[in-house]
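Okay, so here's the structure we're looking at.
The values are calculated or read from the model by the stated rules, or taken from the named source; none is laboratory data. Bear in mind the structure is a predicted one, so any value in this text is a computation, not a measurement. Please note: Cβ atoms are built from the backbone with ideal geometry, for glycine as well, and neighbour counts cover all protein chains shown. The protein model used for the area step is the full one, side chains on, heavy atoms only, and it has no ligands, DNA or RNA in it. Shrake-Rupley method; radii C 1.70, N 1.55, O 1.52, S 1.80 Å.
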Amino acid sequence: MGILEKISEIEKEISRTQKNKATEYHLGLLKAKLAKYRSQLLEPSKKSEKGEGFDVLKSGDARVALIGFPSVGKSTLLSTLTKTESEAASYEFTTLTCIPGVIDYNGANIQLLDLPGIIEGAAQGKGRGRQVIAVARTADLVLMMLDATKKDVHRHLLEKELESVGIRLNKQKPNIYFKVKKGGGISFNSTCPLTKIDEKLVQMILHEYKIFNAEVLFREDCTADELIDVICANRVYLPCLYVYNKIDQISIEEVDRIARQPNSVVVSCNMKLNLDYLLYILWDYLNLIRVYTKKPGQPPDFSDGLILRKGVSVEHVCHAIHRNLAQQFKYALVWGTSTKYSPQRVGASHIMHDEDVIQVVKK
């Protein structure tokens, strides 16, 4: 029996089993087995497949993967937002390889990857699903392109495909401390009451992975699935923006309903509707900020800002300007919303905000 058959058998068994207190151990074991087989399926085959190159070199300040079913308007969006021309046509599977484009927004270069359309069963390697998903794992944000006329059918199918290959959308990493040891058995602890899992189930799941000596500490009330994610240690937690295209073909009430859903933006690529708002939200989801530099006695240089991530300190800014600057750092003068008054003299640990101006003083 191959891995695919084993996976489908376990999935059928899970769907057949009633969910109650008596079956939770059985379900936990099945989920652990399922995760193990799926990770085996994702391991690349030993012999390299010949063909056109698929992965694209990471460049720019951030990377966004454009994922969706065929013919939802991914190539049209890429051609509209970037200077890259991606072939767009009314038939399915127009795009067959990964096409990169660069969005120039607020002085940042955001790399947008137009990936071939995903079909159902992509996680098992159907179509070019496995390569598409491998590229998506390297992105900073997933832009899921959906057809507004198809309700939420596509969205649930895509989420299921990505979930099965270890991509978790709009989720936080489970707060579980896990460490494999050389001896001493399994030590289990929790800092809060656990309602979804207990020590016996934890031990059964660890034994399924042939782990007999480990330290497990739950810092929040997690499920068996989240524990399996921590044990596998190959899960990717990515923010996801759901972009509903073709809103010119549905009623205004339906547009209003979709637009009010969390993490959702409505657009029309053909009529160029709401694309400026999409870029605004994209910037916000990527957690990018601009920091401008200033020389003593001169006005700030607003033409060329440093593009950094939210939460960076003055020390990070020094590294971005020059690799040796942090060693010669004495103090910095900062103008902007991160200070109580402008200019404020700050140290290396001061956290910068968007559009702050900094002047670094060396020793």
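Over the range 288-362, what percent of the accessible surface lies on carbon and sulfur atoms, probe 1.4 Å? Heavy-atom surface of the range 288-362 belonging to carbon and sulfur, 1.4 Å probe: 49 percent. Comparing Leu306, Leu241, Leu158 in a Gaussian network model of the chain (Cα springs below 10 Å), the most mobile by mean-square fluctuation is Leu306. In this simple spin-label model, placing a label point 7 Å from the Cα along the Cα-to-Cβ direction at both Asp221 and Tyr331 gives a separation of 4.9 nm. Where a ≥ b ≥ c are the square roots of the eigenvalues of the C-alpha gyration tensor, would you call the range 288-362 rounded, which needs a/c under 1.5, or, failing that, prolate if a/b is larger than b/c, or oblate? Because its axes are fairly even, with a/c under 1.5, the range 288-362 counts as rounded. With the simple spin-label model, which puts each label point 7 Å out from Cα in the Cβ direction, the Leu273 to Thr191 separation comes to 4.8 nm. Three semi-axes describe the equivalent ellipsoid of the chain; taken as square roots of 5 times the Cα gyration tensor eigenvalues and ordered largest first, they are 39, 31, 20 Å.
Helical content of the chain, expressed as a calculated mean residue ellipticity at 222 nm, amounts to -9000 deg cm²/dmol (DSSP H runs of 4 or more residues, -39,500 (n - 2.57) each, divided by residue number, nearest 500).
Result for the chain in a Gaussian network model with C-alpha springs under 10 Å: among Gly60, Gly183, Gly347, the largest mean-square fluctuation is at Gly183. Entry comment: accessible area of the range 288-362 is 59 Å² per residue, from protein heavy atoms only and a probe of 1.4 Å.
Residues considered: Thr97, Thr138, Thr191. Largest GNM mean-square fluctuation over the chain, using C-alpha springs under 10 Å, is found at Thr191.
Site pair Ser71 and Arg345 shows an inter-label distance of 6.8 nm when each label is modelled 7 Å from Cα along Cα→Cβ.
Taking every alpha-carbon pair under 8 Å whose residues sit at least 6 apart, the range 123-236 reaches a relative contact order of 29 percent.
Where both residues lie in the range 212-363, what percent of DSSP beta bridges are antiparallel, nearest 5?
Antiparallel: roughly 70 percent of the beta bridges in the range 212-363.
Phi angles across the range 197-210 convert, under the Karplus curve 6.51 cos²θ - 1.76 cosθ + 1.60 with θ = phi - 60°, into 3J(HN,Hα) values of 8, 9, 4, 4, 5, 4, 5, 5, 5, 5, 5, 4, 8, 6 Hz, Gly and Pro given as x.
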